[in-house]
Amino acid sequence: MTPQQAIEALHALPHGGHGTLDRMRALMNKLGNPEQNLKCVHIAGTNGKGTLAVMTASILQKAGYKTGLTISPYVTDFRERFQINGEMIPPQALADLAEQVLDAIDAICLEGGDSPREFEAVTAVALLWFAREACDIVVLETGMGGMYDATNIVPHTLVAAITRIGMDHMEFLGDTLVDIATEKAGIIKEGCTVVCYPDQPAEAMGPILTAAANAHTTIVTPENDDLVRRKCRPLENYIDYGGYQVMLKMPGRHQGWHAAMAVEIALTLWRNYGFDISDEAILDGLKEARLPARIEVLRRHPLLLLDGCHNPDGAAGLAQTLADANYEGNLVGVIGMVADKDIDGFLEKLEPCFEKVFTTAPTTPRALPAEELWKRARFHFDAEVGGSIPETIRKAVDYADDHNLAGVVVCGSLYLASDARPLLLEEAKN
């Protein structure tokens, strides 16, 4: 099996079917339960999971630990989902491990069992690789939930981190913050320590506190007064958290809180579990952590910025960042979204940002057609259908040039970010 055949075979597996870990248990049993040998930092939440995962893994790597990392979804390369010490899984290793997982799935189906789903199989590949490579610690990002997420098969969670809870994936997780937070808090296990985002909605805190109490564990939350934002250039992010002063590569006030959470995770691993993590490792890890399409500045003058935000909370973070940088109302937006998101809530948060918006559609069967998005966007912006992604980016860049605007922001979906990033990188050379 070639690497591409392996990826296609994983993608061909069924989707959906949430609400149980039975399929994942059956699959891991067939594979010899490699997850039993892994120590984990487990991250759930609605926004910021990937950023926090990358920051935490970067710190652990700088501390000298062989660190596994899962990211979901990927932006430019499927192998981004599986990393050790910042390096993606080798293509042939992916092919070999995927074949092993697919053989196990075939055996389950022949025995009359329910076929594991795509994300479950992808998670199994990651856990197999981390165990085979004898990782000292693994940083696991959940897919969308927590309690019944495939990643929750791991038994040895040292730290359970909960980023900000918001309204997303309601068809699977519930239509209230209480329901969603209950699902996310399902990663909290007996004996672990919980690190929580500081600006958590009040409705979400109840289920988190309940889960922590039931697991007889403590919650660590960064203190508002301990995070200071130092003066820096627009779209830079120089923070001081409890004396840890560092320039982050990812702009945004919310990224400061993710950095604070990463610091608290590192300190928890040091204090509670004996990990040797120096202050220098924390600072160097935060300084070097980066992730594509998280308010990613690809060019400053004129501005080209890419963000994978796709729900109202993510849009609010982007809008706040643009306002802090004094770009509000002086930009052109390129927006493409999938159909099952809170479209109007997302667009409303971005109203102050753009003088003009062009709509497009990401390359996914779930995409909302550009014309349908325009029908919604015209109530929030001066909006126009852009067409294909290359056509839309070209129109937006030309409009910004012709009207002497500060630049272009592309947002609305990580699928769109995957499509647009190579085009924007090429444009940034001009």
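Numbers below:
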read-out	value
Residues within region 18-38 that are over 15 Å from Ala124 (Cβ atoms) and small (Gly, Ala, Ser), tallied	1
Candidates Thr123, Thr163, Thr142, Thr151, filtered to the one that is over 26 Å from Pro3 (Cα atoms), in the same structural domain as Thr217 (by TED's automatic domain parsing), buried (at least 23 other Cβ atoms within 10 Å of the Cβ) and within 17 Å of the chain's Cα centre (by Cα)	Thr163
Tabulated pairs, region 18-45, first farther than 12 Å from Pro155 by Cα and outside the structural domain of Arg117 (by TED's automatic domain parsing), second among the basic types (Lys, Arg) and surrounded by 14 or more Cβ atoms within 10 Å (Cβ to Cβ), C-beta under 9 angstrom, 6+ apart or interchain	none
One residue from Thr321, Thr392, Thr360, Thr364 being β-branched (Val, Ile, Thr), over 13 Å from Gly412 (Cβ atoms) and either buried (at least 19 other Cβ atoms within 10 Å of the Cβ) or within 23 Å of the chain's Cα centre (by Cα) (or both)	Thr321
Residue match in region 337-348 (condition: under 20 Å from Ala44 (Cα atoms), among the basic types (Lys, Arg) and within 20 Å of the chain's Cα centre (by Cα))	yes
Total residues in region 67-81, condition in contact (Cβ under 8 Å) with a residue 60 or more places away in the chain and either more than 20 Å from Ile137 (Cα to Cα) or in the same structural domain as Ala417 (by TED's automatic domain parsing) (or both)	5
Scope region 51-101; condition among the aromatic types (Phe, Trp, Tyr) and over 14 Å from Leu127 (Cβ atoms); matching residues	Tyr65, Tyr74, Phe78
Residues of region 336-374 that turn out to be free of Cβ contacts under 8 Å to residues at least 60 places away in the same chain, under 26 Å from Ala323 (Cα atoms) and of a type in the set (Lys, Arg), as a count	2
Inter-residue pairs, beta-carbon under 9 Å, first free of Cβ contacts under 8 Å to residues at least 12 places away in the same chain and closer than 13 Å to Phe358 by Cα and in region 393-407, second of a type in the set (D, E, K, R) and in a helix (DSSP H, G or I), 6+ apart	Arg394/Glu427
Near pairs, Cβ below 7 angstrom, 6+ apart or cross-chain, from region 82-98 (without any contact (Cβ under 8 Å) to a residue 40 or more places away in the chain) to any residue that is surrounded by 16 or more Cβ atoms within 10 Å (Cβ to Cβ) and in a strand (DSSP E or B)	Gln83/Leu69; Asn85/Thr67; Met88/Phe82
Looking only at region 236-257, and only at residues there that are under 19 Å from Leu305 (Cβ atoms) and touching a Phe, Trp or Tyr at 6+ places or on another chain (Cβ under 8 Å), the one that is surrounded by the fewest Cβ atoms within 10 Å (Cβ to Cβ)	Met247
Answer from Thr51, Thr20, Thr56, Thr70 - the residue that is out of contact with any helix residue (DSSP H, G or I) (no Cβ under 6 Å at 6 or more places or on another chain) and of a type outside the set (A, V, I, L, M)	Thr20
Filter result (closer than 25 Å to Ile208 by Cβ and touching an Asp or Glu at 6+ places or on another chain (Cβ under 9 Å)) within region 55-78	Ile59, Leu60, Leu69, Thr70, Ile71, Ser72, Pro73
Answer residue from region 395-430, given it is over 18 Å from Glu371 (Cα atoms) and small (Gly, Ala, Ser) and is farthest from the chain's Cα centre (by Cα) among those	Ala400
Any hit, region 175-188, residues being assigned to a helix (DSSP H, G or I) and of a type in the set (Asp, Glu)	yes
Candidate set: region 46-72, residues that are surrounded by 19 or more Cβ atoms within 10 Å (Cβ to Cβ) and in a loop (DSSP other than H, G, I, E, B); chosen: the one modelled with the lowest pLDDT	Ser72
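Conditions tested, residue by residue: (1) closer than 26 Å to Lys429 by Cβ; (2) in contact (Cβ under 8 Å) with a residue 60 or more places away in the chain; (3) of a type in the set (A, V, I, L, M).
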site	(1), (2), (3)
His216	no, no, no
Glu236	yes, no, no
Lys249	yes, no, no
Arg253	no, yes, no
Tyr273	no, yes, no
Arg300	yes, yes, no
Leu306	yes, yes, yes
Leu322	yes, yes, yes
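The values are calculated or read from the model by the stated rules, or taken from the named source; none is laboratory data. What you see is a predicted model, and the numbers here were worked out from it, not measured in a lab. Cβ sites come from the backbone with ideal geometry, for glycine too, and all protein chains shown count toward neighbours.
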